[in-house]
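Visitor: Okay, here's the structure, questions in a sec.
The values are calculated or read from the model by the stated rules, or taken from the named source; none is laboratory data. What you are looking at is a predicted structure, and each value in this text was computed from that prediction instead of being measured. Here Cβ is always computed from backbone atoms with ideal geometry, including for glycine, and neighbour counts include all displayed protein chains.
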Amino acid sequence: MKAIKLGLLSVLLAAAAQVANAGEVSAAVAANFTVPVQQIAELFQKETGHTVKFSFGSSGKFYSQIQNGAPFDVFLAADEKNPMLLEKEGLAVKDSRFVYALGKLVLWSAQPGFVDDKGAVLGKGNYNKIAYADPKLAPYGLAAQETLQKMNLWDKVQSKLVTGESITQTYQFAATGNAELAFIALAQVTKDGKVTEGSWWIVPGEMYNPIKQSAVQLTAAKDPAAAKAFLIFLKGEKAAAVIRGFGYAMP
């Protein structure tokens, strides 16, 4: 009985120490990674006691906000360019940058049977609107533009394009029926490794430049230790299992 009490006391003391040492990480996260990162953060909190507070949006907007002093500790972008620029500008910790996921572009419609498995619907033109994210702000929007250019359709679809500020708004255009088609992140319509609604074409990787989603620790981090711990966890197998489940490839 005494041994059990001592064991319980040890567990309670360890838990109390974890709470006492717990920090909070403020993370700027690319919109396509909204659901996966929340699941990863739950696992991270259970393991370390640290919590994560999120802001979601386009990588380009976050880059500008961080330049202007936005109080983030880590930046999980949808590209390599913006974290790299922050590193060069001294706003990100040197050598903390790494690719945490390889994004996949999908052409999606909320209507079952509307999109074929080769994307031929794009050339048929039997749709009024096609949504994509602003290519100046969102890497998935740039990938969509590159795909349409590769298919020699970019000029032909100009009158049909609807531009979202982020990949989340782009998805909403299609989900609500305001656009029949949308170029979005595969992760947005994937659960447990499968797309379960609507119709879709997973765009072949050779149609656009690789979407190397990169993370970096910021020099202005209020709790550098907690920020570093979160990025280390993001590199680990527990996080990788979540990331793969949403259709991303791993670097």
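Visitor: For Asn128, all conditions in the list (1) in contact (Cβ under 8 Å) with a residue 24 or more places away in the chain; (2) crowded, with 16+ Cβ neighbours inside 10 Å hold save one; what is the number of the exception?
Guide: (2)
Visitor: Would you pick out the residues in the stretch 58-114 that are surrounded by 24 or more Cβ atoms within 10 Å (Cβ to Cβ) and touching an Asp or Glu at 6+ places or on another chain (Cβ under 8 Å)?
Guide: Selection gives Ser58, Ser59, Gly60, Asp73.
Visitor: Can I ask one more? Being of a type in the set (A, V, I, L, M, F, W, C), in a helix (DSSP H, G or I), in the same structural domain as Ser109 (by TED's automatic domain parsing) and farther than 27 Å from Ala70 by Cβ: is that true of Ala240 here?
Guide: Here the answer is no, as Ala240 does not meet what is asked.
Visitor: Would a scan of the stretch 214-235 turn up a residue that is in a strand (DSSP E or B) and out of contact with any Phe, Trp or Tyr (no Cβ under 7 Å at 6 or more places or on another chain)?
Guide: yes
Visitor: For residues that are among the acidic types (Asp, Glu) and touching a Lys or Arg at 6+ places or on another chain (Cβ under 9 Å), scanning just the stretch 152-195, find the one that is surrounded by the fewest Cβ atoms within 10 Å (Cβ to Cβ).
Guide: Filtering the stretch 152-195 down to residues among the acidic types (Asp, Glu) leaves 155, 165, 180, 192.
Within this subset, residues satisfying the condition of being touching a Lys or Arg at 6+ places or on another chain (Cβ under 9 Å) are 165, 180.
Details: Glu165: 17, Glu180: 20.
Applying the filter and picking the extreme gives Glu165.
Visitor: Answer with yes or no whether Asp95 is on the phi < 0 side of the Ramachandran plot and either at pLDDT 95 or above or not polar (S, T, N, Q) (or both).
Guide: No: the conditions fail for Asp95.
Visitor: Kindly establish whether Ser55 is polar (S, T, N, Q), surrounded by fewer than 19 Cβ atoms within 10 Å (Cβ to Cβ), within 28 Å of Gly177 (Cα to Cα) and not assigned by TED's automatic domain parsing to the domain that holds Asn152. Outline the logic, then answer.
Guide: Values: polar (S, T, N, Q): yes; surrounded by fewer than 19 Cβ atoms within 10 Å (Cβ to Cβ): yes; within 28 Å of Gly177 (Cα to Cα): yes; not assigned by TED's automatic domain parsing to the domain that holds Asn152: yes.
Yes.
Visitor: When you check Asn128 against the structure, is it in a loop (DSSP other than H, G, I, E, B), on the phi > 0 side of the Ramachandran plot and in the same structural domain as Leu181 (by TED's automatic domain parsing), yes or no? Explain how you work it out, then say what you get.
Guide: Numbers: in a loop (DSSP other than H, G, I, E, B): yes; on the phi > 0 side of the Ramachandran plot: no; in the same structural domain as Leu181 (by TED's automatic domain parsing): yes.
Judged against the criteria, Asn128 is not a match.
Visitor: Still on this model: Given the condition of a type in the set (Asp, Glu), surrounded by fewer than 23 Cβ atoms within 10 Å (Cβ to Cβ) and in a helix (DSSP H, G or I), answer yes or no: does some residue in the stretch 196-210 qualify?
Guide: yes
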